[in-house]
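Just so it is clear, none of the values below were taken in a lab; they were calculated from the coordinates. Computed from a predicted structure; not experimentally measured. Glycine also receives a Cβ, built like all others from the backbone with ideal geometry; neighbour counts cover every protein chain displayed.
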Amino acid sequence: MTILTTTSSFGKSDPTSLKILENEGFHVVLNPLARTLKEDEVLDLLETHKPVGIIAGVEPLTGSVLQEAGKYLKVVSRCGTGMDNVDLEAAKEFGITVRNTPEAPAEAVAELTLGLILALLRNIPLHNQAVHAGFWSKKMGLLLSETTVGLIGLGRIGKRVAAALDLLGAKVIASDTLPDQAWLAAHPRIHIVGVDELLPASDVVSLHLPSASGPLKHFMNAGKLAKMKPGAYLINTSRGGLIDEAALIASLNSEHLAGAAIDVFEDEPYTKGPLLQQPNVIVSPHVGSFARATRSRMEIEAAQNLLHALETPAAS
């Protein structure tokens with residue numbers, strides 16, 4: 001039987017996950033393009049190899065894709081947290097079990113978020129570019145201890161970011177629909193507020209929401225961006241579709257926002273687009289979980305989840 005891995009780099013840094021599958025007798029087909037696949041490319045690979053399971057990345061596993069694959073596909077095991085790219089209703093309809101690895105990437109994404117906050121506040125990319133270009137020029141930065149950071153979403157990743165920022169002296173406020181009261185009791189300096197209060201009070205706003213579909217699509221629209229504090233920064237290491245990118249460009253061009261750091265995009269790979277022309281925007285190629293130990297853990301968990309789901313297909 002065949003397992004298709006549609007993530008762009010499965011098993012490259014650590015072959016353990018591949019060996020787990022191969023030791024169970026599966027033939028593993030790797031993503032031949034080594035990049036995020038488009039819908040038609042996913043469908044072509046599925047139809048060619050007819051796998052019983054997919055270890056999936058962020059490629060679109062739409063209802064039409066799952067309908068076509070439903071004759072042979074039993075399990076989709078996401079190597080990561082988000083499920084936005086999987087039509088969960090269609091998977092249920094066609095008897096396809098879906099799993100993910102929500103805990104594995106949390107530490108790495110939280111660390112990237114912290115790095116981006118510091119890079120923005122201390123103008124690290126700007127200074128790096130200036131010196132490389134032969135200019136000994138400086139732009140005054142800000143300290144974390146004089147900064148209010150607003151976190152929209154206080155789940156696995158948001159809590160790690162909040163705790164680290166708190167230790168480093170930042171004032172942290174957060175918005176969450178179902179906050180962990182026990183965790184908050186252990187972190188008394190971190191306060192829950194509404195989004196409308198958080199946006200104008202924060203020097204940095206960082207998004208940590210579980211989805212970018214339905215009502216959360218373009219959550220940060222022109223209206224919410226306008227409510228942000230003048231001169232503030234926006235960070236997104238969560239889901240690309242959370243930000244209306246055209247509205248973000250307009251806010252940056254008007255100098256309402258001082259800058260942004262974006263690791264995830266509505267359409268990936270984001271190799272062309274107006275954000276790339278913004279000198280005050282840090283962009284990275286969806287590397288939130290792309291740390292060696294994290295990647296290995298995610299891939300191993302994804303492989304184990306797939307095997308377990310194949311053994312117990314009814315537990316969807």
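The tail of the calculated P(r) for segment 1-146 beyond 21 Å holds 54 percent of all Cα-Cα pairs. The mean sequence distance of close C-alpha pairs (under 8 Å, at least 6 residues apart), as a share of the length of segment 106-283, puts its relative contact order at 19 percent. With the convex hull drawn around the C-alpha atoms of segment 1-59, the volume per residue stands at 67 Å³. Taking the empirical scaling 2.2 N^0.38 Å for compact globular proteins as reference, segment 27-95 has a Cα radius of gyration ratio of 0.99. Taking amide H as placed 1.01 Å from N in the peptide plane, Val98 has its amide H under 5 Å from the amide H of Val76, each at least 5 places away in sequence or on another chain. Estimated from helices alone, the mean residue ellipticity of the chain at 222 nm is -11000 deg cm²/dmol (sum of -39500 (n - 2.57) over DSSP H runs with n ≥ 4, per residue). Compute the orientation-averaged projected area for segment 126-199 from the convex hull of its Cα atoms and round it to one decimal in nm². Projected area, direction-averaged: 6.3 nm². If you wrap segment 219-304 in the convex hull of its Cα atoms and look at it from every side, the mean projected area works out to 6.4 nm².
Take the Cβ-Cβ distance between Thr2 and Glu266 as r, set R0 to 30 Å, and report the resulting FRET efficiency rounded to the nearest 0.05. For R0 = 30 Å, the calculated efficiency reads 0.40.
Given the pairs Lys139/Lys171; Lys19/Lys92; Lys38/Lys74; Lys139/Lys217; Lys38/Lys272, which span a C-alpha to C-alpha distance of over 25 angstrom in this model?
Details: Lys139/Lys171 23 Å; Lys19/Lys92 29 Å; Lys38/Lys74 21 Å; Lys139/Lys217 35 Å; Lys38/Lys272 17 Å.
Distance filter (> 25 Å) returns Lys19/Lys92; Lys139/Lys217.
Scaling the Cα radius of gyration of segment 89-177 by the globular reference 2.2 N^0.38 Å produces a ratio of 1.54. In the chain, Cα pairs under 8 Å separated by at least six residues give a relative contact order of 18 percent.
Net charge near Cys79: determine it from the other residues with C-beta under 9 Å of the C-beta of Cys79, scoring Lys and Arg +1 and Asp and Glu -1. Could you put the intermediate results ahead of the total?
Details: positive: Arg78, Arg295; negative: Glu299, Glu301.
Net charge in that neighbourhood comes out at 0.
Along each principal axis, taking the top coordinate minus the bottom one, the Cα set of segment 106-283 gives 52, 35, 29 Å in descending order.
In nm, to one decimal, how far is the modelled label at Lys38 from the one at Ser254, with both set 7 Å along Cα→Cβ? That separation, rounded to one decimal, is 3.5 nm. As a rough footprinting exposure proxy, the listed residues Val76, Val281 were ranked by other beta carbons within 10 Å of their own, and the order from fewest upward is Val281, Val76. Less than 5 angstrom separates the built amide H of Leu257 from those of Gly231, Leu252, all sequence-distant by 5 or more or on a different chain. Angle of helix 292-311 to the longest C-alpha principal axis of the chain, folded into 0 to 90 degrees and rounded to 10: 40°.
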